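The values are calculated or read from the model by the stated rules, or taken from the named source; none is laboratory data. Computed from a predicted structure; not experimentally measured. Here the Cβ positions follow ideal geometry from the backbone for every residue, glycine too, while neighbour counts run over all protein chains shown. These accessible areas exclude ligands, DNA and RNA; they are computed on the full protein's heavy atoms, side chains included. Shrake-Rupley method; radii C 1.70, N 1.55, O 1.52, S 1.80 Å.
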Amino acid sequence: MDSLTQIVLGAACGEAVLGKKIGNKALFFGAIGGTIPDLDVFVGSWIHGNEIDAMLFHRGFMHSILFSVFAAVILGWLTFKFYNTRSRQGSTDLKDWMYLFFWSLFTHPILDCFTPYGTQLFAPISNYRVALNNIAVVDPIYSLPFLLCLIVLMFFRRTSRKRRFVLKLGIGISSLYLLFTFGNKLYMDSVFKKSLISNKVDFKRGYTQPTIFNNILWYGVAETDSTYWVGYYSLLDKDDLFSDFRELKKERDLSPEKYKRVKKLAWFSNDYYSIYKVGENEYQYNDLRYPVTSEENSTSSVFRFLLYDDDGKLNMKPFERNEDNISDALNALWVRMKGK
């Protein structure tokens, strides 16, 4: 999920493990642990000269169970050595610090698994991307109550029972909401399947995911032999059916036989993608796991980028944010969320 949510979850893990011993400093160290896996964005850029390879590095090994274990041992040992000096000698032990970093590191990729992006939890043994698709990458209903509870508990003494109660309250509220999103996901899957059958779509596979910032409006995409079908459903809709269905032709203007990175991108998008030629030596890649942004333009997509031939190898232009497009897309989703 977003960086703020991961910081909050990491801080909560720090408090749960070491809050009684070191107070608010446990929140700080837990927040550091919760941030570390997402540093793979920078690490990928340092390791790879190719923008596609750098993007694919994100949510890879640094989001795996194995990394959580190794990093927890190293970070725990280093922090223990630097922290347990002079007046703090004996206030904590090595096991405390290893536990703090393990839980703050490990819960990061676990939470990411609930989002549609996908997380290589078992890397490097397997590159399988775990994506349960039950919560958006940014969902304030999950994050804000949790954050508020952490802010409140900072004002209580580290040994206070109220401090522990507020921590449990924050974890409890966020966990209950996460359970709700699982139930909602099961419901949305059943509605989407019923909607496709009702529209006589002969689909091979399909899935649903919530749109950004909420768990009310959902987006569904289904694959046929030659097309993709995409549609929306809001919990506030009068009919319990996905609507606004649009048929998108499969476009494959770049061949994986010529460019091996096309195959990597297809894996990244779970084969829900299209590639359009948009100019001389330029191709637009649309990741159709995410909604299209314009009803008038079926080639638009929330997650799209430009590919080009770089001396015989496929590369990607750095992602450029278009504030107007983002604003228009969010506006359209907000209007659609209110039901029809």
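Can you check what the net charge comes to around Asp309, using other residues whose Cβ is under 14 Å from the Cβ of Asp309 (Lys, Arg +1; Asp, Glu -1)? Present the calculation step by step, with values, prior to reporting the outcome.
Details: positive: Lys258, Lys260, Arg261, Lys277, Lys313, Lys317; negative: Glu51, Asp253, Glu280, Glu282, Asp310, Asp311.
It works out to a net charge of 0.
Using Cα springs under 10 Å in a Gaussian network model of the chain, which residue among Val262, Val221, Val278 shows the largest mean-square fluctuation?
Of Val262, Val221, Val278, the most mobile in the Gaussian network model is Val278.
Along region 167-180, what does the Karplus equation 6.51 cos²θ - 1.76 cosθ + 1.60 (θ = phi - 60°) give for ³J(HN,Hα), rounded to whole Hz, x for Gly and Pro?
Along region 167-180, the couplings run 4, 5, 5, x, 5, x, 4, 5, 5, 5, 5, 4, 4, 4 Hz.
Can you return the lysines within cross-link range of Lys20? Criterion is Cα-Cα under 18 Å, with same-chain partners fewer than 8 residues away left out.
Of all the lysines, those that pass the test against Lys20 - Cα under 18 Å, at least 8 places apart if same chain - are Lys95, Lys162, Lys168.
Which one, Thr119, Thr79, Thr107, has the greatest fluctuation when you compute a Gaussian network model over the chain with C-alpha springs under 10 angstrom?
Thr79
Can you tell me the relative contact order of region 1-157? Whole percent, Cα pairs under 8 Å, sequence separation 6 or more.
Values: 254 pairs, mean separation 41.3, N = 157.
Relative contact order comes out at 26 percent.
At most 13 other Cβ atoms within 10 Å and a DSSP loop assignment: could you name the trypsin sites (Lys or Arg not before Pro) in region 237-283 that fit?
Numbers: sites: Lys238, Arg246, Lys249, Lys250, Arg252, Lys258, Lys260, Arg261, Lys263, Lys264, Lys277; in loops: Lys238, Lys250, Lys258.
When the trypsin sites (Lys or Arg not before Pro) of region 237-283 are filtered for loop state and at most 13 Cβ neighbours within 10 Å, Lys238, Lys258 remain.
Taking R0 as 30 Å, what's the FRET efficiency between Met154 and Ser190 from their Cβ-Cβ distance, rounded to 0.05?
Working: r = 43 Å, r/R0 = 1.43.
It comes out at approximately 0.10.
Considering the chain as a Gaussian network with a 10 Å cut-off on Cα pairs, which listed residue, Arg157, Arg59, Arg129, attains the greatest mean-square fluctuation?
The residue with the greatest mean-square fluctuation here is Arg157.
Could you order Leu333, Leu307, Leu132 so the one with the most accessible surface comes first? Probe is 1.4 Å.
On the way: Leu333 35, Leu307 0, Leu132 75 Å².
Descending accessible area places them as Leu132, Leu333, Leu307.
Contact order normalised by length for region 184-340, with contacts defined as Cα pairs under 8 Å and 6 or more residues apart; what percent is it?
On the way: 254 pairs, mean separation 25.9, N = 157.
Once normalised by length, the contact order is 17 percent.
So if I take the centroid of the Cα atoms in region 122-190 and the same for region 242-256, what is the distance between those two points in Å?
34 Å
Calculate, in nm to one decimal, what Leu169 and Ser226 gain on full extension: separation in residues at 0.36 nm each, minus their alpha carbon distance.
Details: separation 57, 0.36 × 57 = 20.52 nm, distance 4.93 nm.
Result: 15.6 nm gained on full extension.
Rounded to the nearest 500 deg cm²/dmol, what is the calculated helix-only ellipticity per residue at 222 nm for the chain, with -39500 (n - 2.57) per DSSP H run of length n ≥ 4? Present the calculation step by step, with values, prior to reporting the outcome.
Working: 10 runs with 161 residues, N = 340.
Helices in the chain give a 222 nm mean residue ellipticity of -15500 deg cm²/dmol.
I need the phi-derived Karplus couplings for region 107-121: 6.51 cos²θ - 1.76 cosθ + 1.60, θ = phi - 60°, integer Hz, Gly and Pro marked x.
Taking θ as phi minus 60°, the curve returns 5, 4, x, 4, 5, 4, 4, 6, 8, x, 4, x, 9, 7, 5 Hz for region 107-121.
Sort out the exposed loop GluC sites (Glu not before Pro) in the chain (DSSP loop, at most 13 other Cβ within 10 Å) and tell me the longest stretch that has none. Please report the intermediate quantities before stating the final value.
Working: sites that count: Glu257, Glu280, Glu295, Glu296, Glu320.
Segment 1-256 is the longest.
Normalising by the residue count of the chain, find the relative contact order in percent from Cα pairs under 8 Å and 6+ residues apart.
Details: 599 pairs, mean separation 41.1, N = 340.
In percent, rounded to a whole number, it is 12.
Go through Thr85, Thr115 and list them by solvent-accessible area, largest first, probe radius 1.4 Å. Please list the in-between numbers first.
Working: Thr85 55, Thr115 0 Å².
So, going from the largest accessible area down, we get Thr85, Thr115.
To make sure I understand the rule: partners must be aspartates and glutamates, Cα under 19 Å from the Cα of Lys238, and not fewer than 8 residues away in the same chain. Which ones qualify?
Asp189
Under a 1.4 angstrom probe, counting protein chains only, how are Asp239, Asp311 ranked by accessible area, largest first?
Details: Asp239 105, Asp311 145 Å².
Greatest to least solvent exposure: Asp311, Asp239.
Convert each backbone phi in region 125-130 into a coupling constant with the Karplus relation 6.51 cos²θ - 1.76 cosθ + 1.60 (shift: θ = phi - 60°), then list the ³J(HN,Hα) values in order as whole Hz, x for Gly and Pro.
Along region 125-130, the couplings run 5, 9, 9, 4, 9, 7 Hz.
With a point put 7 Å past each Cα toward its Cβ, work out how far Ser126 is from Lys25 in nm, to one decimal.
Distance between the two pseudo-spin positions: 4.1 nm.
How long are the three semi-axes of the equivalent ellipsoid of the chain, in whole Å, if each is the root of 5 times an eigenvalue of the C-alpha gyration tensor, listed from largest down? Provide the component values of the computation, followed by the final result.
Details: eigenvalues 314, 134, 48 Å².
In descending order, the three semi-axes are 40, 26, 16 Å.
Sequence-distant or interchain residues sharing an amide H contact under 5 Å with Val130, placed H: which?
Amide H to amide H, under 5 Å and 5 or more residues apart or across chains, Val130 pairs with Thr119, Gln120, Leu121.
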